[in-house]
Amino acid sequence: MKRVFIVHGWGGCPKEGWFPWLKKELEKKGYKVYVPKMPNTEHPKINVWVNYLSKQVGECDKNTFFVGHSIGCQTVLRYLEKGNKKIGGAIFVAPWVKLNMKAIAEEGKESLKIVKPWITKPINFHKVKILGQFVSLFSDNDDWVTFDNIKIFEKQLHSDIVILHKKGHFSGKDKIKKLPFVLKEL
């Protein structure tokens, strides 16, 4: 049976935005879908999130798929770099390894402190890219994710790149309640 793990972003939750819609649509197609509530979502820490995801997933194989949003994408990438099991693939929505630091700074010093490890601790893309197929979805008006991430995901991960128009950060705040592209790709 195909399993899909949808990993929300910083400050997010399983009931936010398009996650409930995607879960419902995938379940109609016979997938087993998990949308775990990540721990301490307002103050995400790499090891805590990766270890939590690892416990949720258990054993993964070619029938295991991931959908990450924002920092959830990083969580999936960092989870995958720790193991060397083939997966079916992953779709990254608003993925980043770099951020618009001006926008983060406007959120305050606490936000800068939270994001620092996520942007300074490198991801071993070489270990990840051999594990599955990847699609990265960006918006042309995302205030947080800079366009230099497109080149990084394309070159380092060999990810297919898709840019959608005026979807913001693909969050509940952007009023994104459905994301048909993700459903189609899975």
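Since every read-out is calculated from the coordinates, none of them should be taken as a lab result. Since the model is a prediction, treat every value here as computed from it, not as a measurement. Methodologically, a virtual Cβ is constructed for each residue, glycine included, from the backbone with ideal geometry; neighbour enumeration extends over all protein chains shown.
Data overview
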{"quantity": "Residues residue 181 and residue 40, FRET efficiency given R0 of 41 Å [Cβ-Cβ distance, rounded to 0.05]", "calculated": "0.85"}
{"quantity": "Pairwise centroid distance, computed over Cα atoms, of the range 103-180 with the range 38-61, Å", "calculated": "18 Å"}
{"quantity": "Whole-number percent relative contact order across the range 3-185, with pairs defined as alpha carbons under 8 Å at least 6 apart", "calculated": "24 percent"}
{"quantity": "Debye, to nearest 20: dipole size of the range 3-185, +1 on Lys, Arg Cβ, -1 on Asp, Glu Cβ", "calculated": "460 debye"}
{"quantity": "Distance (nanometres) between label positions extended 7 Å along Cα→Cβ at residue 109 and residue 63", "calculated": "5.2 nm"}
{"quantity": "Alpha-carbon Rg with Dmax, taken over the chain, Å", "calculated": "15.1, 45"}
{"quantity": "In nm, spacing of pseudo-spin labels at residue 120 and residue 24 (7 Å Cα→C-beta vector)", "calculated": "4.3 nm"}
{"quantity": "Computed E for residue 162/residue 84 - FRET, C-beta separation, R0 30 angstrom, nearest 0.05", "calculated": "0.65"}
